[in-house]
Every structure is written in C-alpha cells, then in structure tokens.
1. Treat the count of other C-beta atoms within 10 Å as a stand-in for reagent exposure and order Phe40, Phe11 from fewest to most.
2. Test of understanding: in a Gaussian network model of the chain with alpha carbons linked when under 10 Å, which of Ser104, Ser65, Ser167 would top the mean-square fluctuation ranking?
3. What is the Cα convex hull volume of the chain when expressed per residue in Å³?
4. Return Ile176, Ile134 ranked ascending by Cβ neighbour count within 10 Å, so the fewest neighbours appear first.
5. Obtain the nm distance between the two label points defined at Ala99 and Val29 by a simple spin-label model: each point lies 7 Å from its Cα along the Cα-to-C-beta direction.
6. Which value in Å does the Kirkwood hydrodynamic radius of the range 93-142 take, with 1/r averaged over all unlike C-alpha pairs and then inverted?
7. Got a sec to turn the phi values of the range 72-89 into Karplus ³J(HN,Hα) couplings, 6.51 cos²θ - 1.76 cosθ + 1.60 with θ = phi - 60°, whole Hz, x for Gly and Pro?
8. Based on Cβ point charges of +1 for Lys and Arg and -1 for Asp and Glu, what charge dipole magnitude is obtained for the range 75-182 about its Cα centre, in debye rounded to the nearest 20?
Amino acid sequence: MTETARKVPVFDLDGTLLDSDGALADAFVRCGVERQQVTFGHVVAEECARLGITVEDYLGAYDSSVASPYPGVDELLSELTRWAVVSNKDGPTGRKELARLGWSPEVALFSDDFGGAKDLARVLDRLGLGNNDIVYVGDTDHDRFCAERAGVAFALAGWNERVANGSGDVVLRRPIDVLGLL
C-alpha cells in the first residue's frame, strides 16, 4: 500500500453487517431444534451436524428475505470504495442476501468457497493485498481467531448486543466507526 492508501475493511456477514440471529435461529426451530440450543458463528454444516439436522433441511427452512442490516450499515457501506465479505454462511444464500440488499462488495467469499471454515488468506489474494492492508470486522470468537490466523487487524462489531469482547479487542460501537480504522 502507498502512504496515502487506506486499509480495506473485510466484514463477516451474519451478526456483523446483518442482524440475522433471528433468521438463523428460526430456520433451526423450523427443523425441530430448540432455540436455546442454537449458537452462532459456525460453518453451517458443523452447526447442523451438532444439532442433528441436514444442511439441506436447514437451507430449505432459512428465509433469506428476513435479515436486515444493522442501523448504520448502509451508511457505512456507501462511504467505502473497496470492501469485502468473508462469511461462514452458505454461498448461494449469502449471495442472494447481498443481491437483495443491493450490496456489491469487491470480493464475497462464503463457506462453500473454502470447503469449510472461512480463511482470510484467500480474500487477501483476491484483493491483491497483504495482511497489513485490511481490517477484519466480525462478531464472534471464530472471527477473532480467523483474523489472528491470517495476521490481520481485527475489530469487534460492538453494535451487535451479543458480542463478547476479548482481551485487547478494538470494539466499535457504531458501524461508521469502521472508517476510523482505515
């Protein structure tokens, strides 16, 4: 990056850009799972296996028209010239949600692009950037680990009320606060 270049934000989707906990949990409930058994931030196949349902049943029960952006997300995205999404969400579902919202990240990678858990190395390659050139914004321990593994800066989407910050986390209170990290 040049002296004047800004970092590129890379976002998790569910729980970071989208207030999707209800939509995610509702799909599991429609599959017969008790709501309190559902946890967030996992690869869909792993959570389905843990809960004893098939991915196909879960995806059939998921309503991709329900989740909405957190307040302030649309305003943040309108300020960005480059941004990306890396999510554990199923690719066809994630792409459908991005299209519905009119969001066009430069790169959008999902669990099926990785054959499992997300990996920031692939997004760095696609963006043509190094690990010091991005900041990954997420909402779970898995997101934090993903950033640490890739050696990239991490910020916690503190606008999601269920996040738990770890020692040393940069916690953002509003989506627009991402701009201060770039």
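Quick note: the coordinates plus some simple rules give every number you see, no bench work behind them. None of these values were measured; they are calculated from a predicted model. Reconstructed Cβ throughout: ideal geometry from the backbone, glycine too, with neighbour counts over all protein chains shown.
1. With the fewest neighbours first, Phe40, Phe11 line up as Phe40, Phe11.
2. Looking only at Ser104, Ser65, Ser167, the largest GNM fluctuation is found for Ser167.
3. For the chain, the hull spanned by Cα atoms encloses 109 Å³ per residue.
4. Final ranking by Cβ density, sparse to dense: Ile176, Ile134.
5. 2.8
6. Values: mean 1/r = 0.0812 Å⁻¹.
So the Kirkwood estimate lands at 12.3 Å.
7. Once rounded to whole Hz, the list reads x, 5, 4, 5, 4, 4, 5, 8, 9, 8, 10, 6, 9, 10, 9, 9, 7, 5.
8. Its charge dipole is roughly 160 debye.
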